[in-house]
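This report concerns only the one structure given below.
The values are calculated or read from the model by the stated rules, or taken from the named source; none is laboratory data. What you are looking at is a predicted structure, and each value in this text was computed from that prediction instead of being measured. Note: ideal-geometry Cβ built from the backbone for every residue, glycine included; neighbour counts use all protein chains shown.
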Amino acid sequence: MAKKLDLFMNNNIIKIIEILEQDYQDSRCMLIYSTPLELLIAARLSAHCTDARVNIVTPVLFARYKNIDDFANSSQEELEEYIKSCGLYKTKANNIINMCKEIINNFDYKIPDNLEDLQKLSGIGRKTANLFLAEIHNIPGIVVDTHFARVTKRLGFHDSKNPVVIENIMKKIVPEEKSIQFGHCIISHGRKVCKARKPECSTCNLSKFCRYFIENQKCENKR
Ligand code: SF4
């Protein structure tokens, strides 16, 4: 039965994408940036923090730190003051300074344009690297954040908590040319409708394709 249901979900991916693209036409990366370096730093700050909070912090931060040398030469204490409200600020400040030094020394001032090298930078994991490649280089990829993991699990595409496993499963299901926008739409859906604490299934246009909804309806009907 579970296998049958999985097949049902996978067959419906095109319809799910169509509905999401219709419902979230303006969906995009919510971090505000004007250069690739600013995106990398904003993305690092967004870990365990909201994009809205990061967007409050970065205008002041980027006014003080205008280029990669400014960040690389900063004292940790000064940078911490600017990013304190983003949480985990000591680690983030340390990562940002080291990351900028690494880009200067190991990559001759050029931010890497591939997953492998990006992940060599301090504080840059797979999620941020995929986001950067999609935003800056339009390279297809699946960005697995908490919203993406939760919504795709409820829909029935996987049962994993491991971001790499989820990324690999979804890569096989989502057409490559749709993967960037699909990620933005799923994240928007997670923020607005399929919320962590209580999904608003009664208003969700994906309900007839959703494992969580279908299984919960069956439970309701048995009562
Ligand atoms: S039906 Fe409910 S659980 Fe399924 S995607 Fe929609 S809001 Fe989320």
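Values for this structure:
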quantity: Count - residues of region 179-206 that are surrounded by fewer than 16 Cβ atoms within 10 Å (Cβ to Cβ), assigned to a helix (DSSP H, G or I) and near the ligand (Cβ under 9 Å from one of its atoms); calculated: 2
quantity: Flag if Asn216 is part of a helix (DSSP H, G or I) and within 15 Å of the ligand (Cβ to nearest atom); calculated: yes
quantity: In region 115-163, the residues that are hydroxyl-bearing (Ser, Thr, Tyr) and either more than 18 Å from Ile96 (Cβ to Cβ) or at pLDDT below 95 (or both); calculated: Thr146, Thr152, Ser160
quantity: Boolean, Lys192 is at pLDDT below 95 and out of contact with any helix residue (DSSP H, G or I) (no Cβ under 7 Å at 6 or more places or on another chain); calculated: no
quantity: Unique match (being within 21 Å of Thr128 (Cα to Cα), out of contact with any strand residue (DSSP E or B) (no Cβ under 7 Å at 6 or more places or on another chain) and among the hydrophobic types (A, V, I, L, M, F, W, C)) among Ile169, Ile173; calculated: Ile169
quantity: Breaking point among (1) part of a helix (DSSP H, G or I); (2) out of contact with any Lys or Arg (no Cβ under 9 Å at 6 or more places or on another chain), for Ile139; calculated: (1)
quantity: Region 146-168: number of residues that are more than 16 Å from the ligand (Cβ to nearest atom) and within 16 Å of the chain's Cα centre (by Cα); calculated: 7
quantity: Candidates Asn138, Asn95, Asn114, Asn106, filtered to the one that is away from the ligand (no atom under 16 Å from the Cβ) and under 12 Å from Leu40 (Cα atoms); calculated: Asn95
